[in-house]
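The values are calculated or read from the model by the stated rules, or taken from the named source; none is laboratory data. Quick caveat, the model's predicted, so the values are computed rather than measured. Because the Cβ atoms are built from the backbone with ideal geometry, glycine has one as well, and the counts that use them run over all protein chains shown.
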Amino acid sequence: MRTSWLRRLFLRTSETEVRATRARAEAGDAQAQVDMAVTCRGEGEGASDPGGAAAWYRKAAEQNHAQAQFDFGMLCAEGRGVPCDEAEALRWLQKAAQQGHAAAQYQVGVRCRRTTFGRRRTDAAESRLEAYKWLRLAAQQGSRDALAAWEQMALDMSGEEVAEGNHRAGQFVSSTSAPGVRD
């Protein structure tokens, strides 16, 4: 079947845009690197290249691009385009969370909470407080999943732990310009 002239026009424009984006990405533009990663992931039309996506996300992540840090962290967690490495995933997710990225804050909170399972209550206290803090911060930015997890965390914590978790969330917000909650 023949491709219509209109479709060919848009394909050429798309190819031209990709070349221009690649040139900006290769010159070090972090947003262009993220755009190239999205292109490599094959979102929309085109072949999927998870390794290429991971490489572009990492370049942008190393330039402190919060969305790239989150996306690269998730690729590390899932083993897409890079070896599965939960420690590396957590490292990048924490960087994005520190910048106020709500989805990263949720993921860090979930991972902190996961470390509390199967441990004595006293051994898991620090992880529980950190999970509460990150989930609260993400919930305050509108994450429904974080809100549900945060509310569940609060039910499993003492009043003193909740107060400490709230204090930590407030300290985080007051120490950064990141969105979130104040005490």
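Quick notes on this one:
Yes/no per residue for (1) in contact (Cβ under 8 Å) with a residue 12 or more places away in the chain; (2) under 18 Å from the mean Cα position of the chain (by Cα); (3) buried (at least 20 other Cβ atoms within 10 Å of the Cβ):
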residue: Pro83; (1), (2), (3): no, yes, no
residue: Arg119; (1), (2), (3): no, no, no
residue: Leu135; (1), (2), (3): yes, yes, yes
residue: Ala146; (1), (2), (3): yes, yes, yes
residue: Ala154; (1), (2), (3): yes, no, no
residue: Glu161; (1), (2), (3): yes, no, no
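- Residue match in the stretch 111-119 (condition: among the aromatic types (Phe, Trp, Tyr) and in a helix (DSSP H, G or I)): no
- Only one of the listed residues (Glu88, Glu130, Glu126) is more than 12 Å from the chain's Cα centre (by Cα) and within 17 Å of Asn64 (Cα to Cα). That residue is Glu88.
- Within the option set Gly165, Gly142, Gly159, Gly170, being at positive phi, outside the structural domain of Ala87 (by TED's automatic domain parsing) and out of contact with any strand residue (DSSP E or B) (no Cβ under 9 Å at 6 or more places or on another chain) holds for one residue only, Gly142.
- First in the stretch 98-116 and more than 13 Å from Gly142 (Cα to Cα), second anywhere and charged (D, E, K, R) and not in a helix (DSSP H, G or I), Cβ under 9 Å, 6 or more apart: Thr116/Asp123; Thr116/Asp156
- Enumeration of residues in the stretch 59-91 that are farther than 19 Å from Arg41 by Cα and of a type in the set (Phe, Trp, Tyr): none
- Within the stretch 116-132, the set of residues being at pLDDT below 85 and among the charged types (D, E, K, R) comprises Arg119, Arg120, Arg121, Asp123.
- Candidate set: the stretch 44-75, residues that are in contact (Cβ under 8 Å) with a residue 12 or more places away in the chain, more than 11 Å from the chain's Cα centre (by Cα) and closer than 24 Å to Thr176 by Cβ; chosen: the one surrounded by the most Cβ atoms within 10 Å (Cβ to Cβ): Tyr57
- Residue match in the stretch 61-72 (condition: among the polar types (S, T, N, Q), assigned to a loop (DSSP other than H, G, I, E, B) and at pLDDT below 95): no
- Counted residues, the stretch 74-106 - those being in contact with a Cys (Cβ under 9 Å, 6 or more places away or on another chain) and assigned to a helix (DSSP H, G or I): 11
- Screening the stretch 120-143 for residues that are part of a helix (DSSP H, G or I) and of a type in the set (A, V, I, L, M) and picking the one that is farthest from Ser175 (Cα to Cα) gives Ala125.
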